[in-house]
Amino acid sequence: MIADHGKAGQELARLAASKGVELTPQPSRADQRAKDQLTRQSGPAFDREYVKMMIKDHEQDVAAFRTMSRQAKDPDLKEWVSKTLPVLEEHLKTIRQIEPQLAKQ
């Protein structure tokens, strides 16, 4: 998941730069709060919270990417979104499969 997201982020950064758009390198306030919340967890509690966050984030991302795959005007952006969407959908499927296993911990 980390490798896929890193690759997608690099591709998006190159695409943005080619369009003269500067991306914000800092996490949003919500992302920073989530990171802070996770740093206070450990063991099974960390695992459950992390998986819960990943499900929520991937659900939101998949929905946004589905919308953008239909509505994006820029053909390069639309291509990137359409290429990245199946990867996000697979991540969501995988993380949903992990969640029930954590309930046993």
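Applying a threshold of 6 Å to beta carbon distances and a minimum spacing of six or more residues, or different chains, the list of pairs starting in the range 78-105 at a residue that is more than 14 Å from Val62 (Cα to Cα) and ending at one that is acidic (Asp, Glu) reads Leu102/Asp47.
Quick check: is even one residue across the range 59-69 farther than 24 Å from Lys93 by Cβ, among the hydrophobic types (A, V, I, L, M, F, W, C) and out of contact with any helix residue (DSSP H, G or I) (no Cβ under 7 Å at 6 or more places or on another chain)? There is no residue in the range 59-69 that is farther than 24 Å from Lys93 by Cβ, among the hydrophobic types (A, V, I, L, M, F, W, C) and out of contact with any helix residue (DSSP H, G or I) (no Cβ under 7 Å at 6 or more places or on another chain).
State all residues of the range 23-58 that are surrounded by 15 or more Cβ atoms within 10 Å (Cβ to Cβ) and within 21 Å of Lys104 (Cβ to Cβ); if no residue qualifies, say none. Lay out the reasoning, then the answer.
Just the residues of the range 23-58 that are surrounded by 15 or more Cβ atoms within 10 Å (Cβ to Cβ), to begin with: 34, 47-51, 53-55, 57-58.
Asp47, Arg48, Glu49, Tyr50, Val51, Met53, Met54, Ile55, listed by residue number.
Take the range 46-58 and flag every residue that is touching a helix residue (DSSP H, G or I) at 6+ places or on another chain (Cβ under 8 Å) and acidic (Asp, Glu). If you could, list the steps in order and put the result at the bottom.
Residues of the range 46-58 that are touching a helix residue (DSSP H, G or I) at 6+ places or on another chain (Cβ under 8 Å), as a first pass: 46-55, 58.
Within the range 46-58, Asp47, Glu49 meet the criteria.
Of all residue pairs spaced 6 or more apart or on separate chains, those with beta-carbon atoms under 6 Å, a first member in the range 1-17 that is within 14 Å of Glu79 (Cβ to Cβ) and in contact (Cβ under 8 Å) with a residue 24 or more places away in the chain and a second member that is part of a helix (DSSP H, G or I) and of a type in the set (S, T, N, Q) are Ala8/Thr84. Tally the residues that are of a type outside the set (A, V, I, L, M), under 13 Å from the mean Cα position of the chain (by Cα) and surrounded by 15 or more Cβ atoms within 10 Å (Cβ to Cβ), restricting the search to the range 73-105. Counting residues in the range 73-105 that are of a type outside the set (A, V, I, L, M), under 13 Å from the mean Cα position of the chain (by Cα) and surrounded by 15 or more Cβ atoms within 10 Å (Cβ to Cβ) gives 3.
Within the range 28-44, residues that are within 17 Å of His58 (Cβ to Cβ) have Cβ atoms under 9 Å from residues that are of a type outside the set (D, E, K, R) and part of a loop (DSSP other than H, G, I, E, B) in these pairs: Ala34/Pro27; Lys35/Pro27, counting only partners at least 6 apart in sequence or on another chain. Determine which single condition Thr94 fails, assuming it passes every other condition in (1) part of a loop (DSSP other than H, G, I, E, B); (2) farther than 18 Å from Ala16 by Cα. Single failed check for Thr94: (1).
Coordinate-derived values only; no laboratory data. Predicted, not measured: the structure shown is a model, and the values here were computed from it. Note that we place each Cβ from the backbone using ideal geometry, even for glycine, and neighbour counts take in every protein chain shown.
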